[in-house]
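The structure appears below as structure tokens.
The values are calculated or read from the model by the stated rules, or taken from the named source; none is laboratory data. Keep in mind the model is a prediction, meaning the values are calculated, not measured. Heads up, the Cβs are rebuilt from the backbone with ideal geometry, glycines too, and the neighbour counts pull from every protein chain shown. Just the protein is used for accessible areas: all its heavy atoms, side chains included, with ligands, DNA and RNA removed. Shrake-Rupley method; radii C 1.70, N 1.55, O 1.52, S 1.80 Å.
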Amino acid sequence: MGPLSARLLMQRGRPKSDRLGKIRSLDLSGLELLSEHLDPKLLCRLTQLQELDLSNNQLEALPDNLGLSHLRVLRCANNQLGDVTALCQFPKLEELSLEGNPFLTVNDNLKVSFLLPKLRKVNGKDASSTYSQVENLNRELISRVTAHWEKFMATLGPEEEAEKAQEDFVKSAVRDVRYGPESLSEFTQWRVRMISEELVASSRTQVHEADSPEKSQEAGAAHKPRARLAALKRPDDVPLSLSPSKRVCASPSAQVEGGPVAGSDDGQPLLKLEPLHFLQCHSKNNSPRDLETQLWACAFEPAFEEGATSQTVATCGGEAVCVIDCQTGIVLHKYKAPGEEFFSVAWTALMVVTQAGHKKRWSVLAAAGLRGLVRLLHVRAGFCCGVIRAHKKAIATLCFSPAHETHLFTASYDKRIILWDIGMPNQDYEFQASQLLTLDTTSIPLRLCPVASCPDARLLAGCEGGCCCWDVRLDQPQKRRVCEVEFVFSEGSEASGRRVDGLAFVNEDVVASKGSGLGTICLWSWRQTWGGRGSQSTVAVVVLARLQWSPTELAYFSLSTCPDKGIVLCGDEEGNVWLYDVSNILKQPPPPPAAPQAPTQILKWPQPWALGQAVTKTMVNTVVANASFTYLTALTDSNIVAIWGRL
């Protein structure tokens, strides 16, 4: 497609007319348009245009001088847009569609809400909730920048050049003023620059006025102007009020808060944690009365930089997958699949090359559940970019290989585990998955865990009938395999056949597992166990320690670990979070004690309020912390996502 012509516009415009100035609706979709094809001199002749469809083209940017001042509806879905600031030229815009632009992020969604005050719908959804988020962010940023301005100006000497100082202020504000999650840093820095420049402009106006004789009394105020920067005014969202009664309780075996754990050689200090947010973001039909949807799994997004940590967590339950910022409690994205019930989520990070040849890091979220399908979600763009028809029965859990970012394990109620290669997306951001291996189990697999020291060679699975291990090396000829070794947790006739519903590596050697014995979590050595197996198909694990847990007979409370901190986590049937600092055991494993070791501390359920009454009892199905252990997310069977923060 070449540059647009007046003839083409009249052909595609409505109502039909021989004058561009009478066209009110224009469809330019599917023409393979590039940004340079949008000629402002031609398009600005559409003086009465109210609706424009630019979807399904190859636009990387919109020209900022199109002159369509009456535009009310704009569709730009399925393009290559990387920025939204040019949309400010359409102040009357009421409806906007940006789906399928994979390089737009949640920061761009917030920019859109700020730039277009009359916007009612974005991607077919009500825009009021995003406006509420933007208003809160904007108000706080104005407050922080103004405080930074006053502090900055107070330090200036009379001999310093005002214009140079004001330029320095803008730079320092963009560098130093921070608020909100890292995932929104692009938006906050963008707004900080705008606010700073408004303050500087206000200051210059006041200085000019102070030079006039009639304003001389105000000359002293030049260094501390009081700029009136109005926040956005939008109807408030009314979220469900879940007000926690904040309590952090140690286990009965612990001393006073901050002290060592009784029975420990050199007890660890208690971690200071407080409940921050309680969300009902998985409600059926968005009903605040839904306290029944069960939430099953959560996972923190991989950090973008090595050594960094993430505060963005994905949660699943019911027909929804949500992506939440733990610092603010904002639900950044929500994906719904009517008729589905999601049981598991897992992240991977891919490096893709754009059509322009640029490399971009792309977080992909896999979600699966009752229908046996794996959905590959492009979270930041807000759409599903691939579906794998993985199993005929429900998928209990899934996980990506830490050795290969495109290798995905799925475990199903059909008693099979399948290894998939999801591949790299094509230019339309679509996946074509291929099946690599099929692993047969004798019972339903509940948890998957690639062996930490050799993730491309061995896979552990906690199953209804015990703990099993498979050879998953791809250089072996057989593509369908049976269990290589079954692990048992005690000697004797009842050693095998016990459900293992919790499984995770604490470091490259130590495995934490749960379910083989009531009221305990077992820590065992992979290296010693595997090294002593010989040719046996059933092997007793080498136990390093046992940890005291709830004596409940209920199952399917999933444990997790925070390897960087040497921490094991597990919820229970009373809404509590059991926390174990096992770093001492990892350094020098002791002889297994006769009695299980007590938890370092127990975070008691803080009883949030919903519908005018306290939610007093709930099951915590899973608990996961980020790598730096700054945030902890607990999922319940009463449709509540509880987020704790480290003080």
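Only residues that are touching a residue at least 24 places away in the same chain (Cβ under 8 Å) and either open to solvent by 10 Å² or more (accessible area, probe 1.4 Å) or of a type in the set (G, A, S) (or both): list them for the stretch 324-339, please. Can you show your working first?
Taking the stretch 324-339 and keeping what is touching a residue at least 24 places away in the same chain (Cβ under 8 Å), we get 324-335, 337, 339.
Correct list: Q327, T328, G329, I330, V331, L332, H333, K334, Y335, A337, G339.
In the set C483, C463, C449, C454, only one residue is among the hydrophobic types (A, V, I, L, M, F, W, C) and surrounded by fewer than 16 Cβ atoms within 10 Å (Cβ to Cβ); that residue is C454. Within this structure, V577 fails the test of being modelled with pLDDT of 95 or more, under 21 Å from the mean Cα position of the chain (by Cα) and of a type outside the set (D, E, K, R). The residues listed here are L579, L586, L559; of these, the one that is farther than 18 Å from T633 by Cα and aliphatic (A, V, I, L, M) is L586.
The combined condition, being surrounded by fewer than 19 Cβ atoms within 10 Å (Cβ to Cβ) and touching an Asp or Glu at 6+ places or on another chain (Cβ under 9 Å), is fulfilled by Q294.
Considering A461, A452, which residue is among the hydrophobic types (A, V, I, L, M, F, W, C) and assigned to a strand (DSSP E or B)? Explain how you work it out, then say what you get.
On the way: A452 fails: assigned to a strand (DSSP E or B).
None of the other options fit; the residue is A461.
List every residue pair whose Cβ atoms lie under 9 Å apart, where the two residues are 6 or more positions apart in sequence or sit on different chains, the first residue falls within the stretch 388-403 and is open to solvent by 50 Å² or more (accessible area, probe 1.4 Å), and the second residue, located anywhere, is of a type in the set (D, E). Correct list of pairs: K392/D414; K393/D414; P402/D456. Within the stretch 150-162, being open to solvent by 100 Å² or more (accessible area, probe 1.4 Å), at pLDDT below 70 and within 20 Å of E197 (Cβ to Cβ) holds for one residue alone: E161.
Among the conditions (1) open to solvent by 30 Å² or more (accessible area, probe 1.4 Å); (2) within 30 Å of the chain's Cα centre (by Cα), C570 misses just one, which is (1).
Picking from L46, L74, L34, which residue would you name as being touching a residue at least 24 places away in the same chain (Cβ under 8 Å), open to solvent by less than 30 Å² (accessible area, probe 1.4 Å) and among the hydrophobic types (A, V, I, L, M, F, W, C)?
Numbers: L74 fails: touching a residue at least 24 places away in the same chain (Cβ under 8 Å); L34 fails: open to solvent by less than 30 Å² (accessible area, probe 1.4 Å).
Selected residue: L46, the only one of L46, L74, L34 that is touching a residue at least 24 places away in the same chain (Cβ under 8 Å), open to solvent by less than 30 Å² (accessible area, probe 1.4 Å) and among the hydrophobic types (A, V, I, L, M, F, W, C).
Picking from F103, F169, F114, F152, which residue would you name as being assigned to a loop (DSSP other than H, G, I, E, B) and aromatic (F, W, Y)? Selected residue: F103, the only one of F103, F169, F114, F152 that is assigned to a loop (DSSP other than H, G, I, E, B) and aromatic (F, W, Y). The residues on offer are Q58, Q80, and the sole one that is touching a residue at least 40 places away in the same chain (Cβ under 8 Å), surrounded by fewer than 19 Cβ atoms within 10 Å (Cβ to Cβ) and in a loop (DSSP other than H, G, I, E, B) is Q58. Each residue in the stretch 118-139 was checked for being open to solvent by 60 Å² or more (accessible area, probe 1.4 Å) and modelled with pLDDT of 80 or more, and 7 of them qualify.
With the requirement that a residue be in a strand (DSSP E or B), open to solvent by less than 20 Å² (accessible area, probe 1.4 Å) and either touching a residue at least 60 places away in the same chain (Cβ under 8 Å) or touching a Cys at 6+ places or on another chain (Cβ under 7 Å) (or both), what does the stretch 516-557 give you?
Going residue by residue through the stretch 516-557, those that are in a strand (DSSP E or B) are 520-525, 538-540, 542-548.
Of the ones still in play, those that are also open to solvent by less than 20 Å² (accessible area, probe 1.4 Å) are 521-525, 539, 544-545, 547.
Listed by number, the residues that qualify are I521, L523, S525.
Note on the stretch 404-444: residues that are in a loop (DSSP other than H, G, I, E, B), open to solvent by less than 30 Å² (accessible area, probe 1.4 Å) and touching a residue at least 40 places away in the same chain (Cβ under 8 Å) total 6.
Across the stretch 282-325, what is the total count of residues that are assigned to a loop (DSSP other than H, G, I, E, B) and either of a type outside the set (K, R) or under 21 Å from L377 (Cα atoms) (or both)? Spell out how you get there, then give the answer.
As a first pass, look at the stretch 282-325 and keep what is assigned to a loop (DSSP other than H, G, I, E, B): 282-283, 287-294, 301-311, 318-319.
Retained after the next criterion (residues that are either of a type outside the set (K, R) or under 21 Å from L377 (Cα atoms) (or both)): 282-283, 287-288, 290-294, 301-311, 318-319.
Final tally of qualifying residues: 22.
How about the stretch 502-515: which of its residues are assigned to a loop (DSSP other than H, G, I, E, B) and touching a helix residue (DSSP H, G or I) at 6+ places or on another chain (Cβ under 7 Å)? Within the stretch 502-515, V506, N507, D509 meet the criteria.
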